[in-house]
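Working notes for the structure below.
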């Protein structure tokens, strides 16, 4: 049925009496995907000055979505799915969508004085930075991009003429184009789950620029503000069946809808030298110190997700809602929240946040797949679980829920080191050197007649 209906476009909406003018591009985004469209684009569309702020988004690895959204003038349906029902709206803030390989277009947009922000959504691995924030020059793709940029700088080749594949390489190409155009200062705003993401990216981008050109590095240090953020909105992948259901119900065909939850949260810290949308109109918070808010979200939400992504499949579950509905896993998450909450300061509304998380996790109408969360699981474990475990041990407490999570992680893949200490040491030498913690993990593993039996025993052993 939907195949005979016209595509969702701004002209179609206008013809049907729905105003959806294309806003001018003032934000360039790297990493076009579902989360951008559920989170930042939604906030931008709901800002009081939304008509002044359009987003030109560039894909990361796959160019397909750019073509789909370009055919729809950047429009798409956002479906807010609660346990009570669905709420749909057309989001209008995405002014353009481009293949990330279109470096010439990227460079020209970032060089424009009208552009005030470069925003970024990538996975932790997508930064291609070491733990200290320095560029991982052992990464073949990043090393290639930096070498390409370095040769171009020496030969004075415009950055837009280059072929670049990494987020950092593309960001530097845009910044160098702005420098060459004598453009004004701007802000770079990463929107992801990486702790202190603004500070981390500032170190990485400046160090990478130094490897390309000292002139670019100096300009970046003087003209770019890196804003740290904490973002929160569960956004599962949209299935083909979901697209078809939507299009049966609508008067047009939308090939790129996004399903998300009603809850959203955005906390930002930093300066915006060229201005920004009034995101606070939509509920965003601007704070002086973002670290406590980052930790609240990273440990309580993302940490619990990581726990469930390891433990859930061992008990036959496929989604967050299924896993959280399992009494054993639910108890394990509760104990994890106790351990993580002990490391958070007062004033963050932790109890209400935990209650909201439990309700969100149990929303069975949001199919957040455990397999999706488990991607890059070892890195996520190191960022989300390990810091709490280390802090609890330093405070003189044995983090038993974290130990149980570590056991689930070890059991989730048969290729882990045979030695429990070696497996733990691959993510934290500190934890591997603590005999009590290693013994706790080994104790869980030694009792396992099978993975599912092991997970079911964890809460019983940890609850007291």
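Given the options 248, 267, 258, 243, name the one that is buried (at least 21 other Cβ atoms within 10 Å of the Cβ) and either on the phi > 0 side of the Ramachandran plot or not assigned by TED's automatic domain parsing to the domain that holds residue 331 (or both). Answer to the selection: 258. Checking the range 361-380 against the condition returns a match, with at least one residue being outside the structural domain of residue 83 (by TED's automatic domain parsing), at pLDDT 95 or above, within 24 Å of the chain's Cα centre (by Cα) and within 17 Å of residue 263 (Cβ to Cβ).
Residues considered: 321, 282. Of these, the only one that is outside the structural domain of residue 409 (by TED's automatic domain parsing) and over 24 Å from residue 391 (Cβ atoms) is 282. Of the residues that make up the range 388-398, is at least one crowded, with 17+ Cβ neighbours inside 10 Å, under 22 Å from the mean Cα position of the chain (by Cα) and not in a loop (DSSP other than H, G, I, E, B)? Yes, the range 388-398 contains at least one residue that is crowded, with 17+ Cβ neighbours inside 10 Å, under 22 Å from the mean Cα position of the chain (by Cα) and not in a loop (DSSP other than H, G, I, E, B). Looking across the range 15-52, the residues that are closer than 23 Å to residue 260 by Cα and in a loop (DSSP other than H, G, I, E, B) come down to 20, 31, 32, 33, 39, 46, 47, 48.
Within the range 104-126, which residues are at pLDDT below 95 and in contact with a helix residue (DSSP H, G or I) (Cβ under 7 Å, 6 or more places away or on another chain)? Hits for the range 104-126 are 122, 124, 125, 126. Only one entry in 382, 371, 422, 407 is crowded, with 21+ Cβ neighbours inside 10 Å and part of a helix (DSSP H, G or I), namely 407.
Results for (1) outside any helix (DSSP H, G or I); (2) more than 26 Å from residue 296 (Cβ to Cβ); (3) in contact (Cβ under 8 Å) with a residue 60 or more places away in the chain, shown as yes or no for each residue.
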| position | (1), (2), (3) |
| --- | --- |
| 199 | no, no, yes |
| 203 | no, no, yes |
| 207 | no, yes, yes |
| 222 | no, yes, no |
| 234 | yes, no, yes |
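The values are calculated or read from the model by the stated rules, or taken from the named source; none is laboratory data. What you see is a predicted model, and the numbers here were worked out from it, not measured in a lab. Note that each Cβ is placed from the backbone with ideal geometry, even for glycine, and that neighbours are counted across all protein chains shown.
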